Amino acid sequence: MDSFTRSGLTFDVRDAGPADGEPVVLLHGFPQHAGSWDGVVPGLHAAGLRTLAPDQRGYSPRARPTGRRAYVVRELVDDVRALLDAAGLERAHVVGHDWGAMVAWALAAWHPERVSSLTAVSVPHPAAFTRSFLTSTQGLKSAYMAFFQLPGVPEALLTRGNGAFLRDTLVRAGLPRADAEETVARLRPAGALTAALNWYRALPLGAADPVGRVGVRTLHVWSDRDGFLGRAGTEATERYVTGDYRLVVLPGITHWVPETAGERLAELVAGHVRG
């Protein structure tokens, strides 16, 4: 399959690997796209796994609704459920990075019957993340999230110099320049950057819909040079997982784990899938 439709929105999907392999859904983060997994999927395919990597809501050109309410986490989770339905899958192994990890945590908590295993990359359990604001410097690391709530201002700043400001910011944060260039190019079409920012702008609308404890088998991967996510939330995550849980810390790796440590991440995911 190369796409699926939900509620009039059409999502692009990269479906590859052995057709009869165990399915692994790969959920990208901000401001990435399905191609962020290009360094990961070869290792998963070599392990006999099928991968389905969607361009999520706002990132697929034909799935770009207006208004922040369209981007609450419940909608993002239901998009993944629709992907599973369209692929004829009762359940799948789910891997998420950055915002994709947030969606994966919520899917595993709210619909555990659809998740064979969970791999959360970079982002801790949402409750642990919230707790870390009170116990560490995470609030400072996440100050950009408050800035993103402003209407129009973030778009004006991030598109400065035809996107050069955003590109250089991503490169300074450790994303390879080629990936940063492609990211900026994908966000240039009208409405694309606003749609990506709406994931953040919808956060206050979902505050009364918390992500509970997760009972599915969980692997959490965090990198110790992540400039956006500190150790406190990572270390607190275990208390919110009731199923089997394992934490792996990647030394010397920045936030962009799929792009810069793809082979190692593939090894970890394949091992986790195999149990």
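Helical runs (DSSP H, four residues minimum) scored at -39500 (n - 2.57) apiece and divided by the length of the chain put the mean residue ellipticity at 222 nm at -11000 deg cm²/dmol. Each part gets one Cα centre, and for segment 142-182 versus segment 25-104 those centres are 22 Å apart.
Taking all protein chains as shown and a probe of 1.4 angstrom, D168 keeps an accessible surface of around 50 Å². The mean sequence distance of close C-alpha pairs (under 8 Å, at least 6 residues apart), as a share of the length of the chain, puts its relative contact order at 23 percent. Take every pair of alpha-carbon atoms less than 8 Å apart whose residues are at least six positions apart; their mean separation over the length of segment 114-258 yields a relative contact order of 39 percent.
Each of the peptides 76-82, 190-196, 177-183 was scored by the mean count of other Cβ atoms within 10 Å over its residues; in descending order, highest first, they stand as 76-82, 190-196, 177-183.
Average accessible surface for the chain: 41 Å² per residue, computed with a 1.4 Å probe over protein heavy atoms with every protein chain in place. Residues E263, E235, ordered by accessible area of protein heavy atoms at a 1.4 angstrom probe radius and largest first, appear as E263, E235. For segment 119-275, the spherically averaged projection of the C-alpha convex hull amounts to 10.0 nm².
Note on D2: accessible area approximately 110 square angstrom, rounded to 10, probe 1.4 Å, nucleic acids and ligands left out. Around A127, what is the net charge, scoring Lys/Arg as +1 and Asp/Glu as -1 over all other residues with Cβ under 15 Å from its Cβ? My count for the surroundings of A127 gives 0.
Sorting F11, F129 by accessible area puts them as F129, F11; the probe is 1.4 Å, largest comes first, and only protein heavy atoms count. Using only Cα positions of segment 202-254, each an equal point scatterer, no hydration layer, compute I(q)/I(0) via Debye at q = 0.16, 0.23, 0.28 Å⁻¹ and quote the log10 values to two decimals. Log10 of I(q)/I(0), two decimals: -0.61, -0.94, -1.03.
Computed about the Cα centre, the dipole magnitude for the chain is approximately 700 debye when only Lys and Arg (+1) and Asp and Glu (-1) carry charge, each at its Cβ. Positive contributions from Lys and Arg (+1) and negative ones from Asp and Glu (-1), summed over other residues with Cβ under 10 Å from the Cβ of H255, come out at -2. Note on exposure: T218, T66 ranked by accessible area (1.4 Å probe, complete protein assembly) read T66, T218, with the most exposed listed first.
When Rg and the Kirkwood radius Rh are both evaluated on Cα atoms of the chain, their ratio Rg/Rh stands at 0.93.
Computed with every protein chain present, the accessible area of R6 is close to 40 Å² [probe 1.4 Å].
The values are calculated or read from the model by the stated rules, or taken from the named source; none is laboratory data. Since we're looking at a predicted model, the values are computed, not measured. Note that each Cβ is placed from the backbone with ideal geometry, even for glycine, and that neighbours are counted across all protein chains shown. These area figures cover heavy atoms from the full protein model, side chains too; ligands, DNA and RNA do not enter into them. Shrake-Rupley method; radii C 1.70, N 1.55, O 1.52, S 1.80 Å.
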